[in-house]
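Visitor: The structure that follows is given in the form of structure tokens.
The values are calculated or read from the model by the stated rules, or taken from the named source; none is laboratory data. Everything numeric in this text was worked out from a predicted model, so none of it was measured. Every residue, glycine among them, receives a Cβ derived from its backbone with ideal geometry; neighbour counts consider all protein chains shown. Each accessible area value is taken on the protein alone, full model and side chains, heavy atoms only, with ligands, DNA and RNA left out. Shrake-Rupley method; radii C 1.70, N 1.55, O 1.52, S 1.80 Å.
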Protein chains: 2
Amino acid sequence: MTTTELTQTSAEVSLSAPVPAADALADSIRAAGLKVTAPRLAVLQALADAPHSTADRLFTAVRADLPGTSLQAVYGVLAAFTAAGLTRRIEPAGSAALFERRVGDNHHHIVCTRCGTVRDVECAVGEAPCLMPDDAAGFAVQAAEVTYWGLCPACQVELATTLT
Amino acid sequence: MTTTELTQTSAEVSLSAPVPAADALADSIRAAGLKVTAPRLAVLQALADAPHSTADRLFTAVRADLPGTSLQAVYGVLAAFTAAGLTRRIEPAGSAALFERRVGDNHHHIVCTRCGTVRDVECAVGEAPCLMPDDAAGFAVQAAEVTYWGLCPACQVELATTLT
DNA sequence: CCCTTATTTTGAGTAATTCAAAACAACGGC
DNA sequence: GCCGTTGTTTTGAATTACTCAAAATAAGGG
């Protein structure tokens, strides 16, 4: 009944406990009230390996394991995950939508103005909205999203080298 | 040689001073090192009338005065303006790019999660970057962009009415 | 094991934006 | 005041990211 043929490198879990890593993913999908499917597992795994990925990037990663998967399936999986709160979707200006598993902790992002690399930045306040405008013009503020822009370490080095 | 036929409602400026409104726009375009053209004047005027407009919205507004104008011209004008620092381009998630004339004062925006309306929000600090992350992961931070999300006054009223 | 319902595939369509070549117009100099 | 250079706009097409819909398929409760 076990579906995996992967050679287990570490201690074999005998009795009732199933293979941990893969099932942790399955559990979180189930916990979100969604059916567990191969594309969903693959997308979630790919997202664990490469956070801040575009749908297209995840599609490429998923194809390695699951060649039959369609790009639309990846979009569908991501839409379902995001609606269920399993993933978060961010959309930095000039970029396609990016997805990440870190969710519910109201962290922010820093984007490289040169290469587009994205890193997480901790939110000092922690709770959303972490910032309140002085004058919200009558809006009922629900969230504050902060995007930092700057040069990533690699691009700083490259620029310094080029400018010499 | 005066190009305007608009009736002047307030005090007429006699001597050397030129017609203020129209020429103020032309001057700012010239000051940015760009040639003054009809499409550019029209776009800048439309942007003064309706800040936070999409290219398409500006295109519609410009067409009223200048029927021959193409959408690509509007995109071109906006690209030139933005490169020259005459306008700023913002891109809230889920929206097409929006443009505004307010520039260089590092203010922020609040977007209605229901209808998409955008309002300016003053930045308490004023200078960019107005916020520094605790741990910038080695990035050289250039700017911090804050987007608030919430319900605009009109949508609050509509929701309250509907829910009754 | 079957049935219901959610999910994925297949195929097509759309919105926003960009690219490129040719026609045109601003504006500094003559 | 006209002219040529150079920047701008038009015209026409392509591209990217994403969404929609119908038919095929598979998950998981009973």
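Visitor: Yes or no: B:Asp49 away from every other protein chain (no Cβ under 14 Å), surrounded by fewer than 19 Cβ atoms within 10 Å (Cβ to Cβ) and more than 16 Å from DNA strand D (Cβ to nearest atom)? Steps first, please.
Guide: Values: away from every other protein chain (no Cβ under 14 Å): yes; surrounded by fewer than 19 Cβ atoms within 10 Å (Cβ to Cβ): yes; more than 16 Å from DNA strand D (Cβ to nearest atom): yes.
Taking the combined requirement at face value, the residue satisfies it.
Visitor: Residues to consider are B:Ala143, B:Ala93; find the one that is in contact with a strand residue (DSSP E or B) (Cβ under 8 Å, 6 or more places away or on another chain) and farther than 30 Å from B:Ala31 by Cβ. Even if it seems obvious, please write down each step before you answer.
Guide: Details: B:Ala143 fails: farther than 30 Å from B:Ala31 by Cβ.
Just a single option satisfies the conditions, and that option is B:Ala93.
Visitor: So, one more: Exactly one condition in (1) under 20 Å from B:Glu91 (Cβ atoms); (2) away from chain B (no Cβ under 14 Å); (3) open to solvent by 80 Å² or more (accessible area, probe 1.4 Å) is not met by A:Gln142; state its number.
Guide: Failed condition: (2).
Visitor: Hey, any hits in region B:68-76 for a residue that's at pLDDT below 95 and surrounded by fewer than 16 Cβ atoms within 10 Å (Cβ to Cβ)?
Guide: Here is the first cut: in region B:68-76, the residues at pLDDT below 95 are B:68.
Adding the requirement that they be surrounded by fewer than 16 Cβ atoms within 10 Å (Cβ to Cβ) leaves B:68.
Yes, region B:68-76 contains a residue that is at pLDDT below 95 and surrounded by fewer than 16 Cβ atoms within 10 Å (Cβ to Cβ).
Visitor: Here is a follow-up. Within region B:89-116, count every residue that is of a type in the set (S, T, N, Q) and either within 16 Å of DNA strand D (Cβ to nearest atom) or under 16 Å from B:Leu58 (Cβ atoms) (or both).
Guide: We begin by selecting, within region B:89-116, every residue of a type in the set (S, T, N, Q); these are B:95, B:106, B:113.
Among the residues that remain, those that are also either within 16 Å of DNA strand D (Cβ to nearest atom) or under 16 Å from B:Leu58 (Cβ atoms) (or both) are: B:95, B:113.
Looking only at that region, the number is 2.
Conditions tested, residue by residue: (1) within 14 Å of chain B (Cβ to nearest Cβ); (2) within 13 Å of DNA strand C (Cβ to nearest atom); (3) more than 21 Å from A:Gln72 (Cα to Cα); (4) at pLDDT below 50.
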residue: A:Thr2; (1), (2), (3), (4): no, no, yes, yes
residue: A:Glu5; (1), (2), (3), (4): no, no, yes, yes
residue: A:Gln8; (1), (2), (3), (4): no, no, yes, yes
residue: A:Glu12; (1), (2), (3), (4): no, no, yes, yes
residue: A:Arg30; (1), (2), (3), (4): no, yes, yes, no
residue: A:Arg40; (1), (2), (3), (4): no, yes, no, no
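Visitor: So, one more: On the basis of being out of contact with any helix residue (DSSP H, G or I) (no Cβ under 6 Å at 6 or more places or on another chain), surrounded by 14 or more Cβ atoms within 10 Å (Cβ to Cβ) and farther than 23 Å from B:Ala143 by Cα, does A:Leu86 make the cut?
Guide: Numbers: out of contact with any helix residue (DSSP H, G or I) (no Cβ under 6 Å at 6 or more places or on another chain): yes; surrounded by 14 or more Cβ atoms within 10 Å (Cβ to Cβ): yes; farther than 23 Å from B:Ala143 by Cα: yes.
So A:Leu86 passes the test.
Visitor: Is there a residue being open to solvent by 40 Å² or more (accessible area, probe 1.4 Å), touching a residue at least 40 places away in the same chain (Cβ under 8 Å) and more than 13 Å from every other protein chain (Cβ to nearest Cβ) anywhere in region A:92-102?
Guide: yes
Residue-wise test of (1) basic (Lys, Arg); (2) touching a residue at least 40 places away in the same chain (Cβ under 8 Å); (3) open to solvent by 50 Å² or more (accessible area, probe 1.4 Å).
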| position | (1), (2), (3) |
| --- | --- |
| A:His108 | no, yes, no |
| A:Cys112 | no, yes, no |
| A:Gly116 | no, no, no |
| A:Glu122 | no, no, yes |
| A:Val125 | no, no, yes |
| A:Asp134 | no, no, yes |
| A:Val146 | no, no, no |
| A:Trp149 | no, no, no |
| A:Pro153 | no, no, yes |
